[in-house]
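The values are calculated or read from the model by the stated rules, or taken from the named source; none is laboratory data. Keep in mind that this is a model prediction, so the values were computed, not measured. A quick note on method: Cβ atoms are made from the backbone with ideal geometry, for glycine too, and the neighbour counts reach across all protein chains shown. These area figures cover heavy atoms from the full protein model, side chains too; ligands, DNA and RNA do not enter into them. Shrake-Rupley method; radii C 1.70, N 1.55, O 1.52, S 1.80 Å.
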Amino acid sequence: MTSPTRAVAVGMTLPGLVVAFGMVGDTLLYAVLPLYHEEFGVSLAMVGVLLSLNRWIRLLANSGVAAIGDRVGPHTLMVAAAAGSVISTTAYGLFDSAALQMAARILWGVSYAALNLSTLAYAVSDRPNAGKRVGASRAAIGVVQAASLVGGAWIALKVGPQSVFLIFGGLTLVSLIAALLLPRLAAEPAGQKRFRLPVPHRLEVWGVTMGFTGDGVFLLTLAFLMKDSITSVAPVLATAALLALRWLVEITTGPVGGWAGDRFGAACLSVVNGVLLVAGFLLMALDHEVIGALVIVMTRGLFNTLIPVLVVERSHGSVLSSQASYSTWRDFGAAVGPLTAPWLFLNVPQTPLYAALAALLAISAYFCLVRR
């Protein structure tokens, strides 16, 4: 890995642009696909499969990509991932076949694993300032994601839910250009251990819980809850606006949260944020959908800044392998969540469903964040 001086000179603008524009298609899919699944030629049950498939792929890809990245370096991963992002985003708009949509989601799963891990390598190559650099990167990503969510939802209403992804496929080319312009970081020394899935510890267990509740069940059911709760605007716009709020949180609080994590430690801030996340789910259980959703998306946004710093604080191996371990198990939770969400939403009333999710989060936060 490069020296701190070299890492600071690199900056986080280009890595942030690669991830930001690479993610626009996947981000918009969560707002569009549940409401317009028939236009994509898939059933509601298949929506859960498609939105979880990339996460299942990342269960293997996170550690596999980390092993490759230790040998070839983050720059090569970035370029390959950006190209995969262009192809997968365009494919969402081209095909109305479940099989081809599944292929696009598989490609995106591998691409995002490479984007996520290589961006972290750029950010934490200057470890004393890791929080500030992660926060700055997340803020840059947030600007693009918030704009693309609201803008994409509006475009979908004008040109159709599939055509918007053809437009976004062209927009994703920015990611590839930025990746090609990135400076190179030295590859970390590769270990001699054979590839195997990482063993989950306390932080990884928290990742599973947050992935299942926040990235899984909540995201898949959000569009339907907003359809019943907000009638003054189109449901796709209401959903996109709430999802965009998460990114606006990262724009405004990401750098501050990163600085505070460097200054006071990410562990304490994570506990406070975990309490607020539980409160958001309890509000949803009490039928305060809009307020509860606001709290959930805001706390999820701040966790995306705090957790990478917490991973670095607790890691004993390479940066890539440590982050891959956490990402793998969070992806596992986020993969199970969408698969079960359609059945849960149709068969379990909102109050007991979200109360159970809040209890699960509270227990996990105590054992994984409060206790060390």
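Residues in region 266-279 that are without any contact (Cβ under 8 Å) to a residue 60 or more places away in the chain and buried (at least 20 other Cβ atoms within 10 Å of the Cβ) were compared, and the one that is nearest to Leu361 (Cα to Cα) is Asn273. Among the residues making up region 67-93, those that are open to solvent by less than 10 Å² (accessible area, probe 1.4 Å), farther than 24 Å from Gly216 by Cα and in contact with a Ser or Thr (Cβ under 8 Å, 6 or more places away or on another chain) are Gly69, Pro74, Met78, Ala82.
Only one entry in Leu283, Leu306, Leu310 is open to solvent by 10 Å² or more (accessible area, probe 1.4 Å) and modelled with pLDDT of 75 or more, namely Leu283. The numbered conditions (1) touching a Pro at 6+ places or on another chain (Cβ under 8 Å); (2) surrounded by fewer than 24 Cβ atoms within 10 Å (Cβ to Cβ) are all true for Leu51 except (2). The set of residues in region 94-109 being touching a residue at least 24 places away in the same chain (Cβ under 8 Å), more than 19 Å from Ala178 (Cβ to Cβ) and either aliphatic (A, V, I, L, M) or open to solvent by less than 10 Å² (accessible area, probe 1.4 Å) (or both) consists of Leu94, Ala98, Gln101, Met102, Arg105, Ile106, Gly109. When region 23-76 is examined, which residues are found to be touching a Gly at 6+ places or on another chain (Cβ under 8 Å) and of a type in the set (Asp, Glu)? If the condition is that a residue be touching a Gly at 6+ places or on another chain (Cβ under 8 Å) and of a type in the set (Asp, Glu), then Glu39, Asp70 are the ones that fit. Val348: over 16 Å from the mean Cα position of the chain (by Cα), open to solvent by 30 Å² or more (accessible area, probe 1.4 Å) and not aromatic (Phe, Trp, Tyr), yes or no? Spelling it out, Val348 is indeed over 16 Å from the mean Cα position of the chain (by Cα), open to solvent by 30 Å² or more (accessible area, probe 1.4 Å) and not aromatic (Phe, Trp, Tyr). Scanning region 42-66 for residues that are of a type in the set (Ser, Thr, Tyr) and under 14 Å from the mean Cα position of the chain (by Cα) gives a single hit, Ser52. Restricting attention to region 11-29 and to residues that are modelled with pLDDT under 85 and not aliphatic (A, V, I, L, M), the residue that is most open to solvent (accessible area, probe 1.4 Å) turns out to be Thr13. Residues in region 238-258 that are crowded, with 24+ Cβ neighbours inside 10 Å and at pLDDT below 65: Gly254, Gly257, Gly258.
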